[in-house]
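Let me begin by presenting the structure, written as structure tokens, before commenting on it.
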Amino acid sequence: MINNARNELALRELGYIEGQNIATEYRYAEGKRDRYPELTAELVRLKVDVILVAGGVPMVQAAKNATKTIPIVMTGSGSDPVEAGLIESLAHPGGNVTGLTNLNRELGEKRLELFKEAVPKVVCVAVLYDPALPGSVREVKEVLPVAARALRLTLQPWEVRAADDFDRVFAALNKQRPDGLYVHCWPLAKTDTNVLRQDELWSPSRGSRKNVEKKRGSRSERRGRVCEVESTLESREPSRDQELK
């Protein structure tokens, strides 16, 4: 997610002041993938000088489909941009797409290892992921199963394609009661982060999510409030950002 205040401060340090010598147009899809083409096309019609994309492959691809001339800067997709067809190579991206990529395939195993270390009694882990994202699918289908076998963990993959799927998934989790929850970070999870906040998840000591909602209101009432996903495990991971030249 783009931090507007931080971006403006960084630009100011470079001599760019909003409203004086630079203007920024913000567009938010709010977790609705079908809006990507519409929003990127709108930015192209405004004839912006550069498009900064804070999202995964589908969002970057939508921008790439909308223009072949305006520079597109991605800010940390978890998928391999070469494999996804966004660029030709890391050293020479070609076309009009560049930026940062977070190649975190190797970190999936480490995340699960840290999970087990933090909660030694965990046996069954529910995994939330978006099947439309290649990086998310690869982690769930290829990376995590290997780590889970070594740690003697059982994984329960759950597909989340849209914001409304969270209600269905959590209703099922309340019945199956897994020991832990692993959430692959993707734009939809960040947009609907109120559902994923630690104090709202089911746990043996708290009981069902329904009891929590009585205190905090339903998810639909809270939707629209956007905040960053806080992850204790991620703070312990080494950075894997690689700049494309």
Six or more apart or on different chains, Cβ atoms under 9 Å: show the pairs whose first residue is in the range 162-180 and in the same structural domain as residue 151 (by TED's automatic domain parsing) and more than 25 Å from residue 120 (Cβ to Cβ) and whose second is β-branched (Val, Ile, Thr) and not in a helix (DSSP H, G or I). 166/160; 168/160; 169/160
Restricting the range 128-145 to residues that are β-branched (Val, Ile, Thr) and surrounded by fewer than 22 Cβ atoms within 10 Å (Cβ to Cβ), the one farthest from residue 86 (Cα to Cα) turns out to be 143
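Would you check which residues across the range 113-145 are among the β-branched types (Val, Ile, Thr) and either within 19 Å of the chain's Cα centre (by Cα) or in a strand (DSSP E or B) (or both) and list them? Spell out how you get there, then give the answer.
At the first step, the residues of the range 113-145 found to be among the β-branched types (Val, Ile, Thr) are 119, 122-123, 125, 127, 137, 140, 143.
The answer is 125, 127, 137, 140, 143.
The values are calculated or read from the model by the stated rules, or taken from the named source; none is laboratory data. Bear in mind the structure is a predicted one, so any value in this text is a computation, not a measurement. FYI the Cβ positions are ideal-geometry reconstructions off the backbone, even for glycines, and counts take in every protein chain you see.
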